[in-house]
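K.L.:
I have a structure I would like to understand better, so I am pasting it below and will then ask my questions one at a time.
The values are calculated or read from the model by the stated rules, or taken from the named source; none is laboratory data. Model, not experiment: these values are computed from the prediction. Note that each Cβ is placed from the backbone with ideal geometry, even for glycine, and that neighbours are counted across all protein chains shown. Note: accessible area is taken over every heavy atom of the protein model, side chains too, but ligands, DNA and RNA are not part of it. Shrake-Rupley method; radii C 1.70, N 1.55, O 1.52, S 1.80 Å.
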Amino acid sequence: MKKRIAVLGSTGSIGTQALDVIRENPDNFEVEVLTAHNNIQLLIKQAKEFKPNAVVIANKSKYKELSEALSDSDIKIYAGNDAISQIVEMSTVDIVLTAMVGYSGLLPTINAIKSGKNIALANKETLVVAGEIIQKLAIHHKVSIYPVDSEHSAIFQCLVGEEQNVIEKIYLTASGGPFRGKDIDFLKNATKNNALKHPNWEMGAKITIDSATMLNKGFEAIEARWLFGLNPDQIEIVVHPQSIVHSAVQFQDGSIKAQMGLPDMKLPILYALGFPMRLKTNFPRFSFWDYPELSFEKPDLKNFKNLAIAYEAMDKCGNMPCILNAANEIAVEAFLEDKIGFCEMTDIIEQSIENITYIKHPDLGDLINTDKETREFSKSIIN
Ligand code: NDP
Ligand code: MG
């Protein structure tokens with residue numbers, strides 16, 4: 001039986017690589033839904049190739065153009081964020097790949113879980129904002145969440161067959177991003193162009209900036225906490241510039257299992273979609289002789305303050321990670337629009353955390369309000 005997939009965010013970095021994987025495995029997968037925000041031209045091209053049951057464009061003003069372009073097909077066409085949230089409930093969808101960026105992934109993921117769909121989760125912000133709620137919902141609805149993030153896929157792979165064994169801790173590896181080893185004077189003047197040049201991964205702009213500030217790794221620690229049911233002190237970040245060891249698990253006997261490979265997101269995407277099968281690929285193979293030295297360092301929490309803030313947010317929990325995420329989304333956007341400097345992103349996050357009311361046990365409504373309030377506050381201090 002082919003798995004029928006809803007690809008949310010099909011025009012992005014993860015979305016397009018997921019479609020490559022699907023294209024290469026026509027006997028295993030088929031596309032049921034495609035969604036995008038603005039990139040209508042690519043969405044039309046993808047719809048013509050993969051012939052999904054439905055497509056959704058988040059930006060409603062593009063609906064007419066999309067409908068006209070696909071008028072000679074029987075693909076159903078919808079527009080708006082509510083439509084993205086609803087489309088995942090379709091009975092013909094087996095698995096939902098959440099590859100949208102940022103907070104926009106939250107409500108569609110919740111709806112998908114509530115309608116019993118398994119999730120291939122790339123959109124880590126969903127777990128940053130509402131990890132506890134998502135974890136409980138997934139258990140309640142007996143839904144599996146397969147991680148797409150390479151580190152979490154690595155941990156997930158290390159845990160196969162270890163269900164009865166106790167995890168002592170996990171090691172989340174980090175490349176260190178484009179500014180590894182740089183000091184605060186360098187970071188103050190870091191430019192957008194340099195921040196967008198990641199040494200090992202080609203990704204969307206938002207996560208690339210998060211990697212440059214190291215906040216991405218803080219988000220991943222929070223993501224790991226909820227995916228694998230860990231305490232914050234069981235998660236250690238290890239900077240590993242070659243991005244070959246994708247992460248590792250240490251069990252209570254002291255033994256460590258790590259997962260390795262070349263940095264290529266198609267591998268974790270394929271594993272998440274194909275689980276429990278490992279499907280055959282012709283991806284380039286890793287050679288030990290090309291990497292005679294793999295190195296490991298401690299993260300620099302002094303110069304990369306966002307990482308320290310993320311750890312604090314993980315400890316305090318409640319709505320603090322939600323505040324962190326919303327302030328960061330506004331800050332990254334402003335940095336990409338050349339409105340603020342690299343280190344000012346941290347200032348905006350710190351001020352938001354100071355000013356927005358902390359809630360220890362937020363429900364979903366509280367988180368939605370927190371997100372809205374934080375965005376308004378962050379914008380007000382930028383303008
Ligand atoms: P991109 O920016 O490349 O793609 C984002 C996708 O989401 C696009 O299809 C975009 O549509 C759509 N989108 C953006 N905003 C909205 C919105 N408000 N409503 C609906 N759809 C929206 O991001 P990435 O693919 O890099 O990242 C996607 C997610 O995966 C992120 O959460 C990221 O952290 C995570 N991730 C990514 C990795 C990577 O290698 N790229 C690795 C690990 C995790 P449009 O093109 O029309 O704007
Ligand atoms: Mg990652």
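K.L.:
Looking at segment 232-259, which of its residues are surrounded by 18 or more Cβ atoms within 10 Å (Cβ to Cβ) and of a type in the set (S, T, Y)?
P.N.:
Scanning segment 232-259 gives S243, S247.
K.L.:
Out of (1) at positive phi; (2) more than 9 Å from ligand 1 (Cβ to nearest atom), what's the single condition that is false for A138?
P.N.:
Going through (1) at positive phi; (2) more than 9 Å from ligand 1 (Cβ to nearest atom) one by one, A138 breaks only (1).
K.L.:
Being within 19 Å of the chain's Cα centre (by Cα) and open to solvent by less than 50 Å² (accessible area, probe 1.4 Å) is the filter here, so list the residues in segment 59-103 that pass it.
P.N.:
Hits for segment 59-103 are I84, S85, V88, I95, V96, L97, T98, A99, M100, G102, Y103.
K.L.:
Continuing with this model, one more query. Residues in segment 334-346 that are touching a residue at least 24 places away in the same chain (Cβ under 8 Å) and either surrounded by 16 or more Cβ atoms within 10 Å (Cβ to Cβ) or among the polar types (S, T, N, Q) (or both): how many?
P.N.:
9
K.L.:
Something else about it: Give segment 183-199 a look and list any residue that's within 13 Å of ligand 1 (Cβ to nearest atom) and either at pLDDT below 95 or more than 21 Å from M100 (Cα to Cα) (or both), or say none.
P.N.:
Once the filter is applied, which keeps residues that are within 13 Å of ligand 1 (Cβ to nearest atom) and either at pLDDT below 95 or more than 21 Å from M100 (Cα to Cα) (or both), segment 183-199 yields only H198.
K.L.:
Within segment 104-125, track down each residue that is within 16 Å of ligand 2 (Cβ to nearest atom) and either under 8 Å from the mean Cα position of the chain (by Cα) or of a type in the set (A, V, I, L, M, F, W, C) (or both).
P.N.:
A120, L121, A122, N123, K124, E125
K.L.:
Hey, another quick one. Within segment 39-60, can one find any residue that is more than 28 Å from G274 (Cα to Cα), out of contact with any helix residue (DSSP H, G or I) (no Cβ under 7 Å at 6 or more places or on another chain) and charged (D, E, K, R)?
P.N.:
yes
K.L.:
Here's something else I'd like to know. When residues of segment 202-231 are filtered for being more than 9 Å from ligand 1 (Cβ to nearest atom) and surrounded by fewer than 20 Cβ atoms within 10 Å (Cβ to Cβ), how many remain?
P.N.:
Number of matching residues: 4.
K.L.:
Now for a different question. For segment 131-154, how many residues are part of a helix (DSSP H, G or I) and farther than 20 Å from K257 by Cβ?
P.N.:
Number of matching residues: 10.
K.L.:
Pull out all pairs, ordered by first then second residue, where Cβ-Cβ is under 9 Å, the residues are six or more apart or on different chains, the first lies in segment 141-162 and is closer than 19 Å to S211 by Cβ, and the second is buried (at least 16 other Cβ atoms within 10 Å of the Cβ) and among the acidic types (D, E).
P.N.:
From residues that are closer than 19 Å to S211 by Cβ, the pairs are P147/E223; D149/E220; D149/E223; S150/D264; E151/E220; E151/E223; H152/E220; H152/E223.
K.L.:
Can you tell me which residue among V129, V148, V166 is under 30 Å from N369 (Cβ atoms) and either of a type in the set (D, E, K, R) or away from ligand 2 (no atom under 16 Å from the Cβ) (or both)?
P.N.:
Sole residue among the options that is under 30 Å from N369 (Cβ atoms) and either of a type in the set (D, E, K, R) or away from ligand 2 (no atom under 16 Å from the Cβ) (or both): V129.
K.L.:
Name the pairs whose Cβ atoms lie under 6 Å apart, with the first residue in segment 6-33 and at pLDDT 95 or above, the second of a type in the set (K, R) and part of a strand (DSSP E or B), and 6 or more positions between them or separate chains?
P.N.:
F29/K3; E30/R4; E32/R4
K.L.:
For a quick check of your reading: which helices (runs of 4 or more DSSP H) sit entirely within segment 15-95 and have at least 3 residues that are of a type in the set (A, V, I, L, M)?
P.N.:
40-50, 81-87
K.L.:
Any residue that is touching a helix residue (DSSP H, G or I) at 6+ places or on another chain (Cβ under 8 Å), at pLDDT 95 or above and open to solvent by 40 Å² or more (accessible area, probe 1.4 Å) - is there at least one of those in segment 136-150?
P.N.:
So far as segment 136-150 goes, yes, one or more of its residues are touching a helix residue (DSSP H, G or I) at 6+ places or on another chain (Cβ under 8 Å), at pLDDT 95 or above and open to solvent by 40 Å² or more (accessible area, probe 1.4 Å).
K.L.:
While we're on this one: Sort out which residues of segment 252-278 are closer than 17 Å to N118 by Cβ and aliphatic (A, V, I, L, M), and write them in order of number.
P.N.:
Selection gives I269, L270, A272, L273, M277.
K.L.:
I would also like to ask the following. Would it be correct to say that A130 is in contact with a Leu (Cβ under 6 Å, 6 or more places away or on another chain), open to solvent by less than 30 Å² (accessible area, probe 1.4 Å) and either under 22 Å from H361 (Cα atoms) or of a type in the set (F, W, Y) (or both)?
P.N.:
So A130 fits the description; yes.
K.L.:
For segment 189-242, what are the residues that are over 28 Å from C322 (Cβ atoms) and of a type in the set (K, R)?
P.N.:
K197 - this is the single residue of segment 189-242 that is over 28 Å from C322 (Cβ atoms) and of a type in the set (K, R).
K.L.:
Let me ask something additional. Identify, from the list A174, A190, A212, A195, the residue that is within 15 Å of D300 (Cβ to Cβ) and more than 15 Å from ligand 2 (Cβ to nearest atom).
P.N.:
So the residue among A174, A190, A212, A195 that is within 15 Å of D300 (Cβ to Cβ) and more than 15 Å from ligand 2 (Cβ to nearest atom) is A190.
K.L.:
Same structure, new question: Which of the residues spanning segment 101-130 are in a strand (DSSP E or B) and within 10 Å of ligand 1 (Cβ to nearest atom)?
P.N.:
Scanning segment 101-130 gives a single hit, L121.
K.L.:
When you check E202 against the structure, is it within 18 Å of the chain's Cα centre (by Cα) and at pLDDT below 95, yes or no?
P.N.:
Here the answer is yes, as E202 does meet what is asked.
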